[in-house]
Amino acid sequence: MENLMITCISKPPVIIPTKHDNLSEFSQPQTKLSFSYIKNTKNPKITDNHVKYLARSGRLAEAVAALDSIALSGSQVRPNTFISLLQACIDFGSLDLGRKLHARIHLVKESDPFVETKLVSMYAKCGSFADARKVFDEMSQKNLYTWSAMIGAYSRVSRWKEVVELFFLMMEDGVLPDGFLFPRILQACANCGDVRTGRLLHSLVIRLGMVCYTRVSNSVLAVYAKCGKLRSARRFFDYMNERDRVTWNSMLLAYCQKGENDEAYKLFNGMWGEGIEPCIVSWNILINSYNQLGRCDVALGLMKEMESSRVSPDVFTWTSMISGLAQNGRRWQALFLFKEMLLAGIKPNGVTITSAVSACASLKVLKLGLEIHSIALRMGITDNVLVGNSLIDMYAKCGELEAARQVFDMIEEKDVYTWNSMIAGYCQAGYCGKAYELFIKMQESDVKPNVITWNTMISGYIQNGDEDRAMDLFQRIEQDGKIRRNTASWNALIAGYVQLGAIDKAFGVFRQMQSCSISPNSVTILSILPGCANLIATKKVKEIHGCILRRDLEFVISISNSLIDTYAKSGNILYSRNIFDGMSTRDIISWNSIIGGYVLHGCFDAALDLFDQMRKLGIKPNRGTFLSIILARGIAKMVDEGKQIFSSISDNYEIIPAIEHYSAMIDLYGRSGRLGEAMEFIEDMPIEPDSSVWTSLLTASRIHKDIALAVLAGERLLDLEPGNIVVNQLMYQIYSLCGKLDDSSKVRKLEKESTLRRSLGHSWIEVRNTVHAFVTGDQSKPSSNLLHSWVQNITREVNIDDHHGGFFIEEEEKEEIGGIHSEKLAIAFALISSPSSPQSIRIVKNIRMCRNCHLTAKYVSLRFGCEIYLSDTKFFHHFKNGRCSCGDYW
């Protein structure tokens, strides 16, 4: 992607140029108004023609003076002369002189509604709507032209509701629209969604016999099309006697707005059948609509078809494609197309630049962003607030906050998005103090913070660990900001607490928002569910699932995918499968989530069966799929099949394997005891092995008691993570086993680290809706004696050889030294606290469980007929009937 370069571009400075003094080639010099006055002559004879001449010449002040002279002589001017003067005021935008003319309207020879109509137009076109409406309302007699002037004035500034109101007043006055005015009123109905008035106008058009006017009929069609009344639009379209390109384009737009692009495409092809060649607008309507639906490949195909039809794509075509690709995650392709656009000689507009810069922001490609910024500088459009906002966002996401601030400071007319982009940039970089300073400045500016600004600040503080400041802002938003909290305000707190690991606080906010009658949305659910993806949050997951069903969110595919994953990680793989089977639409994430869930539970056969189904349905696997399938083959000890899958990643699917795929391959070899092949595989890796690869090899060495390989893997891990406490402890044990505890400084350091910074086991279990925590060796609880006694009795029953045949490599100290391990205490508590043996016990542990505890858990599951789910840092263990889903490999 580094080859993507915009041609003919020098390295740009990250500054905004000052305004040019000279006029650009697109500027037109304005005609200068003359304000010189008529020289006094002896008994001048001023005529209407002379006044008209002065008006046409732009000498309006002289014309006003001439009127005064006419008044002094006791004469008056004809209505047409006065109308010419008012038109001159419109042409030169002179409201002040227009007011002076209004003050002299008594000089018109006779009352004329056309003069008053022109006066209305003058005020409206010179920007004084209040004066225009006052003159209009004071007119005793209004004709069609008067109403047209006022309606036209409101239309020009898109005040569509006022246009409709004027239509009804006009009808009450007994004046009917003509062929010129009907399209304006119908346009107003279309733009403000007033289909009821549109139907009334339609019936009026029929009664007045104006259906035969194509311009009027097109306007009727546009009302139905823009108001979403597709059937009415199509019926009217089919009965039209004469259809032009505007007619067809309106109908195309109607279908596209409803998302019925395929019907629109059929209609598009029908244009050719009627001998009407689609114009650039027709092509752009289709291309833009397909892009909005995310069907960018179809849009690209249409663009090629368009060129083959000898219709050259314009800036709107290119912009639609670039924006569509960028918004649908195909950002590199969007930037390549931007380059093609420049090579084709098409000058981008502000929206094009904004889309390209936004793509650079998402990809964090600063170099390309700088080049596009330089293009915007040369085009002189950095004053465009959309462009400026996108540049701020791009620089902020690329970590260039100073450049972002430069752009921010250079934007003269900042809008709320400008402020929000800069504040968000500071928050994302962790500079909440600077963000808050800007937040205060914004409150003092003309642009006040909106709910997005407050939410950005709340999210910034809590994601950077300052939950107190975040909560303070959350409480102040309605009181100080006078802004009502929205769902996103609550979501910001929930997501922040989940990120901080404070799932109980997140749940508290989740429940409070519902008690405040704020409905959780998809973002709420997707924010809180990951925090429940553990064995002691099963009831929380079910509570969220109930909320999903009440809010009819179960059909949102991303929510279903998240539920599949969360249920699996909380120990309910059957719930995951039920949700998967009930989905009407599935994407690759759906398949990966259920396959990954089965692998997590050690159910390799179900995972492989789903993989076969997936391939039969023609669904293309991705990196995540292959990772799960390699792990599944490893659990099944199907090494050859696993090797074939790994080879197919690059050979058949042209995907470059990631480091996690290499680590999974070591797991595959290790589970089958093929350690020599695992080592050869590592030596042949095209990328440098990381900690995950050496950890997988160390696990294999420990399970199969290969001390030499354990030393090699451990030393590599020590090089990569010298400060890792667990690695230090394991290496000290390994050196002890192989007799390398000499007096070297390296071993002395390991001994010191291992002694001073022992990994202390913590376990958590939920019993009767309360989470209980246990610590290895802890005897401070009231029930400690009872728990220890129970564990000692079970240990005697199990009769475990605690020396592992002399091969002890564990993350936690032996119980003879550190005391009874935390998971045993948790299991004892679960069984003692229940009047009868619980059906399932769910435990979360902070470090890898040892062999002794693993054997004990297997025995307890058989002895008491219960299932034990235990998640440690290495594996998800499911103990049932004396067996574990890990296959004793963890």
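The values are calculated or read from the model by the stated rules, or taken from the named source; none is laboratory data. The model shown is predicted, which means the values in this text are computed figures rather than measured ones. Don't worry about glycine lacking a Cβ; one is built from the backbone with ideal geometry, like all the others, and counts go over all protein chains shown. Remember, those area values only see protein heavy atoms, side chains included, never the ligands or the DNA or RNA. Shrake-Rupley method; radii C 1.70, N 1.55, O 1.52, S 1.80 Å.
In degrees from 0 to 90, rounded to the nearest 10, what is the angle of the helix 350-363 Cα long axis to the longest principal axis of the chain? Approximately 10 degrees, to the nearest ten.
Centre-to-centre, using Cα atoms only, region 141-217 and region 89-112 are separated by 28 Å.
Beta bridges per DSSP, both residues in the chain: antiparallel share near 70 percent.
For Asn269 and Thr585, the FRET efficiency from 1/(1 + (r/R0)^6), where r spans their Cβ atoms and R0 equals 25 Å, is about 0.30. Ranked by the mean number of other Cβ atoms within 10 Å of their residues, highest first, the peptides 423-430, 467-474 fall in the order 423-430, 467-474. Net charge in the neighbourhood of Ser362 (other residues with Cβ under 13 Å of its Cβ; Lys, Arg +1, Asp, Glu -1) is +3.
Assign one of three labels to region 158-243, namely rounded, prolate or oblate, based on the Cα gyration tensor with a ≥ b ≥ c the square roots of its eigenvalues; rounded applies when a/c is under 1.5, prolate when it is not and a/b is larger than b/c, and oblate otherwise. It is oblate, given that a/c is not under 1.5 and a/b is not larger than b/c.
Which one is right for this structure if Rg and Dmax of the Cα atoms in Å is calculated from it: (i) 30.8, 101; (ii) 33.5, 97; (iii) 38.4, 134? Computing Rg and Dmax of the Cα atoms in Å and matching it to (i) 30.8, 101; (ii) 33.5, 97; (iii) 38.4, 134 gives (iii). I'd like the distance between the alpha-carbon centres of region 234-271 and region 639-709, rounded to an integer number of Å. Spelled out, the Cα-based centre of one part sits 59 Å from the other.
When the C-alpha to C-alpha distance is required to be over 25 Å, the pairs from Lys569/Lys858; Lys134/Lys226; Lys616/Lys874; Lys125/Lys448; Lys397/Lys434; Lys643/Lys845 that qualify are Lys134/Lys226; Lys616/Lys874; Lys125/Lys448; Lys643/Lys845. Label zone of Val798 (point 7 Å out along Cα→Cβ, amide N under 13 Å): in region 841-866 this covers 849-864. The Kirkwood radius of region 414-485, taken over pairs of alpha-carbon atoms, gives through the Stokes-Einstein law at 20 °C and 1.002 mPa s a diffusion coefficient of 181 µm² s⁻¹. Note on the chain: helix-only mean residue ellipticity at 222 nm, from DSSP H runs of 4+ residues weighted -39500 (n - 2.57) and normalised by residue number, equals -19500 deg cm²/dmol.
For Asp262 and Arg550, FRET efficiency with R0 = 25 Å and r from the beta-carbon atoms, rounded to 0.05? Once the sixth-power term is evaluated, E becomes 0.10.
For region 327-399, the solvent-accessible area works out to 39 Å² per residue, with a probe of 1.4 Å and every protein chain left in place.
Which net charge results for the neighbourhood of Asp690, defined as the other residues with beta-carbon distances under 11 angstrom from its beta-carbon, given Lys and Arg at +1 and Asp and Glu at -1? With Lys, Arg at +1 and Asp, Glu at -1, the net is -2. Largest first, the residues Trp764, Trp490, Trp272 sort by 1.4 Å accessible area into Trp272, Trp764, Trp490. Shape class for region 327-399: oblate, because the ratio a/c of the largest to smallest gyration tensor axis (alpha-carbon atoms, square roots of eigenvalues) is 1.5 or more and b/c is at least a/b. The heavy atoms of Cys256 present about 20 square angstrom of accessible area, all protein chains included, probe 1.4 Å.
Using a probe of 1.4 Å on the protein chains alone, the accessible area found for Lys824 is around 0 Å². Apply the a/c threshold of 1.5 to the C-alpha gyration tensor of region 243-313 and tell me whether it is rounded, prolate or oblate. Here region 243-313 falls in the oblate category. Within the shell of other residues whose beta carbon sits under 11 angstrom from the beta carbon of His772, the net charge comes to +1, with Lys and Arg scored +1 and Asp and Glu -1. In this simple spin-label approximation, Arg378 and Asp415 carry label points 7 Å from Cα along the Cα→Cβ vector, and these lie 2.7 nm apart.
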